[in-house]
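Q: Quick one: the structure is below, questions incoming.
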Amino acid sequence: MAKKRSLFECQACGHKSGKWMGRCPNCGAWESFLELSDEQKKVLDKIDKAPTSAALPITEIGEERVERIPTGSAELDLVLGGGLVSGSLVLVGGSPGVGKSTLLLKVCANLAKSGKKVLYVSAEESAGQIKIRANRIEANHPNLFLLNELVLENILAHLQKEHYDLLVIDSIQTIYSEEIPSAPGTVSQVKAVTFELMRTAKSMMLPIFIIGHITKEGSIAGPRVLEHMVDTVLYFEGDSSNELRLLRGFKNRFGSISEVGIFEMTSKGLMSAKNIARKFFDRKRSQTGSAATVVMEGSRPLILEVQALVAESGYPSPKRSTTGYDASRLTMLLALLEKKLDLPFNQYDVFVNIAGGIKITETAADLAVVAAILSSFRNRPLSEETIFLGEVGLTGEIKEVMMQDLRLKEAASQGFSKAVVPAKPLQETPIKTFVVDSVEKIIDWM
Ligand code: TYD
Ligand code: MG
């Protein structure tokens with residue numbers, strides 16, 4: 001008789017294995033494997049097997065018409081690719097407190113005001129708590145309905161009875177299906193609930209937002225395990241010490257992911273950040289270890305401050321730590337500076353931070369990172385009027401970054417008067433440019 005196969009699932013990332021493992025080979029989490037019951041295996045089978053239908057020649061298939069609904073938030077529309085697509089399932093992830101509920105409640109109110117009927121399901125906060133928020137952000141409208149419900153089947157039953165034009169689920173980690181025996185927030189639960197919501201979105205042509213908390217590795221499944229199941233994935237970035245929030249697209253079946261929404265958390269909720277230029281950069285005077293650069297967020301240039309701290313290390317292997325900047329890039333830059341400029345960074349701890357809680361995803365800030373590190377190391381401030389733009393290569397060569405002219409224009413409009421760049425600008429600019437094409441030469445300039 002064939003022995004029933006057991007199946008184990010990592011509760012951090014959803015990786016499956018035929019045997020229990022102490023450490024997940026996929027995500028590295030410890031003791032994260034749970035054995036799945038027969039019911040859970042059945043559900044997974046259902047999810048993995050897509051519904052079958054007849055194949056058609058591609059010539060006979062009509063183009064899908066994509067209807068877009070404006071959300072009333074220009075920044076969100078931008079990230080969605082021009083509005084919310086009907087029948088789409090959008091995952092909005094972010095750390096607790098970043099503003100997910102605030103943004104989506106406002107979007108619900110915007111749609112309600114435009115005559116749509118909207119359902120906001122909260123499994124996290126009571127209706128009374130949401131009401132307080134609604135008062136604060138002016139989201140009261142008779143077309144906006146609140147439902148306090150934890151059970152997926154009840155939500156679906158509700159949708160059968162009443163027609164809605166938009167559904168928000170807050171949050172995916174707290175809703176559960178009664179058909180699945182495991183606890184809310186586990187991988188099996190969030191996957192099964194998301195799968196049902198996807199089916200509902202498509203069959204009813206109902207756009208659905210699901211909110212997901214990004215949590216530290218642990219027993220609660222993060223939104224990452226859902227990324228492949230939904231149409232669109234948006235993540236909120238920003239720290240609580242700063243009022244700015246970026247909404248970045250990670251996946252979008254209906255648009256590009258190059259645009260970024262920029263919001264400001266105010267006393268009346270999240271607003272489109274109108275004058276974003278100086279928000280991420282409010283350095284009043286020059287300081288050691290601080291250098292300014294311009295990064296592109298989607299099509300928009302943004303001035304950011306790179307901060308570095310270089311301090312003598314008391315450890316045999318010195319510390320390197322970054323926030324908002326790639327850690328392995330920092331290691332590379334330090335190795336390069338050690339080799340090319342003969343600086344003893346192996347005896348120094350180095351910390352790099354991008355002010356404002358922003359994550360830099362492009363290499364254009366490399367030169368500013370180098371400048372900030374050298375400034376801290378030599379204990380000499382850089383001129384506060386100078387902007388640094390350039391990618392640093394492994395050979396120590398500094399390479400031009402795309403859209404240099406646009407970035408310089410933005411820097412000029414923000415009052416910067418000097419720029420250290422690897423190539424002369426093509427267009428005329430009021431900024432005085434200094435061409436530095438290798439890291440060896442930067443020290444001459446500083
Ligand atoms: P919230 O939307 O509840 O975050 P999430 O759903 O992502 O966990 O936002 C919570 C934070 O936002 C909280 O710290 C208070 C702040 N906030 C404001 O500053 N202004 C506002 O109008 C609202 C509603 C919240
Ligand atoms: Mg919330």
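The values are calculated or read from the model by the stated rules, or taken from the named source; none is laboratory data. Quick caveat: nothing in here was measured; it's all calculated off a predicted structure. Methodologically, a virtual Cβ is constructed for each residue, glycine included, from the backbone with ideal geometry; neighbour enumeration extends over all protein chains shown. Calculation scope for accessible area: heavy atoms of the full protein, side chains included, ligands and nucleic acids excluded. Shrake-Rupley method; radii C 1.70, N 1.55, O 1.52, S 1.80 Å.
Q: Under a crude label model (7 Å from the Cα following the beta-carbon direction), how far is Lys359 from Ser272 in nanometres?
A: 2.6 nm
Q: While we're on this one: Can you tell me the length gained on complete extension of the stretch Asn379 to Arg300, counting 0.36 nm per residue apart and subtracting the Cα distance?
A: Taking 0.36 nm per residue and subtracting the Cα distance, the gain is 25.2 nm.
Q: Oh, and also: Which whole-number percent of Cα pairs in the chain have a distance greater than 37 Å?
A: It works out to 38 percent of all Cα pairs.
Q: Run the simple label-point estimate for Gln414 and Phe434 please: 7 Å along Cα→C-beta, distance reported in nm.
A: Going from the Gln414 label point to the Phe434 one covers 2.0 nm.
Q: Whenever you get a sec, compute what percent of the accessible area on the chain sits on carbon and sulfur atoms (1.4 Å probe).
A: Heavy-atom surface of the chain belonging to carbon and sulfur, 1.4 Å probe: 52 percent.
Q: Calculate the length of the line joining the C-alpha centroid of region 348-426 to that of region 48-111, in whole Å.
A: When both Cα centres are located, 36 Å separates them.
Q: How much length is gained on full extension from Met205 to Met446, taking 0.36 nm per residue of separation minus their Cα-Cα distance?
A: 80.8 nm
Q: Indicate the gyration tensor shape class of region 67-274 (rounded, prolate or oblate), computed on the Cα atoms with a ≥ b ≥ c the square roots of the eigenvalues: a/c under 1.5 is rounded; otherwise a/b larger than b/c is prolate and the rest oblate.
A: Taking the square roots of the gyration eigenvalues as a ≥ b ≥ c, region 67-274 is rounded.
Q: Take the alpha carbon gyration tensor of region 49-173, find the square roots of its eigenvalues, order them as a ≥ b ≥ c, and report rounded if a/c is under 1.5; if not, report prolate when a/b exceeds b/c, else oblate.
A: Verdict is prolate for region 49-173.
Q: Restricting to DSSP H runs of at least four residues, report the calculated mean residue ellipticity at 222 nm for the chain, -39500 (n - 2.57) per run over all residues, nearest 500 deg cm²/dmol.
A: Rounded to the nearest 500, the figure is -8000 deg cm²/dmol.
Q: Isolated Cys in the chain by the 4.7 Å beta carbon test?
A: Cys108
Q: Continuing with this model, one more query. Going by Cα centres, region 245-276 and region 115-194 are how many Å apart?
A: 23 Å
Q: Taking a ≥ b ≥ c as the square roots of the Cα gyration tensor eigenvalues, with a/c under 1.5 meaning rounded and otherwise prolate when a/b beats b/c, else oblate, which class fits region 278-445?
A: Since a/c reaches 1.5 and a/b is larger than b/c, the shape of region 278-445 is classed as prolate.
Q: Hey, can you find the accessible area per residue of the chain for me, probe 1.4 Å, expressed in square angstrom?
A: The answer is 47 Å² per residue.
Q: Related question: Work out how much length Cys27 to Gln287 would gain on full extension: take 0.36 nm times their residue separation and subtract the Cα-Cα distance, in nm to one decimal.
A: 89.6 nm
Q: Kindly express, to the nearest 10 degrees and within the range 0 to 90, the angle between helix 366-378's C-alpha long axis and the longest C-alpha principal axis of the chain.
A: 50 degrees
Q: Output the antiparallel fraction of DSSP beta bridges having both residues in the chain, as a percent to the nearest 5.
A: 55 percent
Q: So, with +1 on the Cβ of K and R and -1 on the Cβ of D and E, and no other charges, what is the size of the charge dipole of the chain about its Cα centre, to the nearest 20 debye?
A: Here the size comes out at about 280 debye.
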